[in-house]
């Protein structure tokens, strides 16, 4: 399998919950995935931060993974978030994802106690050795509580066979520079910070991992196309056009704002799981205005 | 039940795992609790950060809670950590702890997505309404990812009936000052930052929540006694004497260092759960030297 | 000269400016110093942060130093702030202060470009070699832009002959602990963070460098006396009583708030120098209420 | 005068000191300026951070300003750094620069005591009212100690007549986004963070204020030309080629590293002023290797 499997717009579906049972709402999940694939995104990334993976029981996680991978049905590549606090359960999930047909897994080193570099390396190694599909290493200290330096990241890509891609969500463009320098541009890196979409592509990112396509798929795809075509002025204009939406969904929390935005677009996918709250009416109105402005 | 139930040295037991099964090691857990009670600590706080609560399955958590509360057997008061990422499971644990005989529960607002103040308040309220025993609100952004301001904390103590105590682990003495000022000294606050033990007592803390008694119970108790007796010079000398140990266990991670220290003292309680690693041989030797210096 | 020359309450006078000429207002400066000495403070520290030293021309600095040292007239010891961005001018000021009769000088490594450890050490060494009186090393990254680690500070005290005292204004009690540990309690350290007054004394500080005595001399002296007498409960009560004033003057900027407070007490010492503004009427009213509450 | 006077590469000359007298070395300063102009930079910015403006006496500052403006002699536009801690002296310098023929002045709100928004606005207003030439507002909290929000910056551009340009040196690309959004792209902004050169241009920066042309003028000009021509791939390659040099000079301090680099290129401009140190031999060798790699 080639590293080039993932590029462009890699979209995060939400995980809808049934209003009655609070369990996974399968039909709504399938519909969410269909919308993204039909809109033309280049890959699907279920059970990431947007997918409220951290809030699911193991049984729910398995169910959502199976539905998601099965329903994409190879129309586009799938990278599944398998992160868990314990190495044991992360391995279990990685194997489950591979069995269910995932093209790759994404691994964030979630922590309660801060992890040492040795602990992080062992965590990734043990997961990598348990599966055959590639790993997208994911750095997002704001949610994981662990910040991996570009040096540590480059070392793991070099030393652990199937760690082949890196997703950076710190929003710090200098880390992408360092990563580029440490590997002579040979490590494919993906940007996970929405308001950095333009500049990460300028700096050489292979793709943009984002929940935005749930609401504004066309704009994200056009931005990527403009960059590919070397049309910098057009890319900049497209970026500034969608930036208010990108900032809004980041600031309000992705599950919360994306679910509210989907409802505004006529797709009721329920609320995020408690303690997360549904977006307030005021904020929903602001989001509605932002979405209308970019139609 | 009086708020004064908790004061002085509130000790955290570790959670030992069986080397074969990786499950809870009941006999070792009971022995750990006995040592703390026999050494004279004023209360026991199972399933906190030190107890690797975040790394346990629900079944394991229930087992450890039942063993711990049952084995303390009212010799001293027990406050059980019931924190969970979802409100639903935090409520389940809180009820379990109450049924098992806990005197109070400790609640940290663990997060993946940052929580708004409204989300935090609802989380505490729903837990509080589900039980009858008091809640010790716990602020520790380094592990939870959520930082509650003293203003928010004071508001919850005021507004939610059985939130009656506050544990602060930021290590920022100014927050204790603000909390004192917001409530005219009426909210009992507990210090959860080991290297702040002396000054938090000086500032009026009711107690010190700490894993240190697993290794140096006598010194922690003598510090508290000196403060109670108004012997500031003696308290200062006792504090600086134990400070190297306190700094070491904080920096190395409490489950990791306390388990290593217990082994040094002849009590083999196994390693922390992966991805956490056992303390390295070098670091264990340094810990051994520090412990010997304070005998 | 003994290190014990400085202990207890070390008070910062403001530098009053003449409303007409914008130059140093000598009579008002002398009166400010007299009030502090008469109120019983243990030492005077002219031309520190509170004294707007950074905003003075060289000629003005010399004038203020000469007036201050001369007017204290050995009634209490004097430590003069001689900090300047260039080593050359810092040396010039240090020599001037020594000639004028200062007992010690206080040196903050003011920076524009961040200084390396080697640059900091050379700066202190060259000043030290140019004078015979002791140096109080001063760490205050919020105003200087340079943060010296306790390790670096301890090294300079050890290696540079007349660097004998340390003033810490970071408000981080752990730095005082480290300093204590690095020198077995042998380096006299002074607290420069007003809201840390109680705990710094608990941790062993020799003195409190503060502008508060301009407004509430008695309370600061009583706090020190209670600590000296080992009356911790009384010290705590005194501290919490004055804390609102301490927080207010810190937050509003010392020259701004102290000058406003002095005017409230009937001593018109003018406004701080532009771009600093006089305290607003609203804030002045709040300060008035705080001061009244502690009479 | 049009805002478009400044665009592209705005170069900072260093201020050379005479080894004997420690005064301004006029001939070396003139030669430094000539090299930059002859290499084709689009504007000259004397007495900025690189020019050690903060370390000069008033007489030295005047001398350097007069030489610099006079020697550029309208070959390219000149923007002079007139920042000073007091409003009074900043005004004096701004008037001096205008009289000497500067096209614009650059103003950083240097602080000792943190400035409130009202104090910052008054500082800029009073300077603006004292002169007729435009002001480039300069935000660089790392050296000034004051961080101006994009909101405050946009407000001052709107409200103060001759504040017409903004230089951002925080290295935070999101601030440029906010500035763009607040003014519909109408405020010309300049990037002052060397390692952000590529992305700031992508985000729409009008120019790059940089000391790098002292050492690698051609590369900086080629990067700008590639961006202007819409050749993103070429711009990216040029950026990564010069990035090691940009990172080195930023990390080592601009006066220190640029002076060392100039010496490597055969132009001895002396050392930076104490407490700043000349670059160590080891670091100079590393810089030499980096410069050779990009020839």
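Quick notes
- Mean per-residue shielding of peptide B:50-58 is 3, counting Cβ atoms of other chains within 10 Å of each Cβ.
- Among C:259, A:7, the order by Cβ neighbours within 10 angstrom, fewest to most, reads A:7, C:259.
- Förster radius 51 Å - calculated FRET efficiency between residue D:280 and residue B:31 (Cβ-Cβ, nearest 0.05): 0.35
- Its DSSP H runs of at least 4 residues, each contributing -39,500 (n - 2.57), put the calculated 222 nm mean residue ellipticity of chain A at -15500 deg cm²/dmol, to the nearest 500.
- Annotation for residue C:181, label-to-label distances across the other copies: 3.0, 3.4, 4.4 nm (shortest first, one decimal, point 7 Å from Cα along Cα→Cβ).
- Inter-copy label distances at residue C:59 (7 Å, Cα→Cβ; nm, one decimal): 1.3, 8.6, 8.7
- Copy C relates to copy D by a rotation, and the C residue whose beta-carbon is nearest that axis, with the distance in whole angstrom, is C:145, 3.
- The GNM of chain C, with springs linking C-alpha atoms under 10 angstrom apart, assigns the highest mean-square fluctuation among C:146, C:107, C:79 to C:146.
- Here the spin labels are modelled as points 7 Å beyond Cα on the Cα-Cβ line, and at residue D:155 and residue C:129 they lie 5.0 nm apart.
- When B:210, D:15 are sorted by how many other C-beta atoms sit within 10 angstrom of their C-beta, beginning with the fewest, the order is B:210, D:15.
- In the stretch C:3-217, the DSSP beta bridges split such that about 5 percent are antiparallel, to the nearest 5.
- Most mobile listed residue (D:104, D:64, D:142) in chain D, GNM with C-alpha springs under 10 Å: D:142
- Among A:260, A:203, A:65, residue whose mean-square fluctuation peaks in a GNM of chain A (springs only between Cα atoms under 10 Å): A:203
- Between copies, the label points at residue B:283 (set 7 angstrom from Cα along Cα-to-Cβ) are spaced 3.2, 3.8, 4.5 nm, reported in nanometres from shortest to longest.
- Per-residue mean of C-beta atoms belonging to partner chains within 10 Å, peptide D:270-283: 4
- Averaged over C:111-121, number of beta-carbon atoms from partner chains that fall within 10 Å: 6
- Likely footprinting exposure, D:123, B:180, C:129, fewest C-beta neighbours within 10 Å first: C:129, B:180, D:123
- Per-q log10 I(q)/I(0), the stretch C:3-217, q = 0.09, 0.16, 0.18 Å⁻¹ (Debye; single scatterer per alpha-carbon; no solvent): -0.31, -1.04, -1.33
Each value in this text was obtained by applying a stated rule to the coordinates, not by laboratory testing. All of these numbers come straight from a predicted model, not from anything done at the bench. Note that each Cβ is placed from the backbone with ideal geometry, even for glycine, and that neighbours are counted across all protein chains shown.
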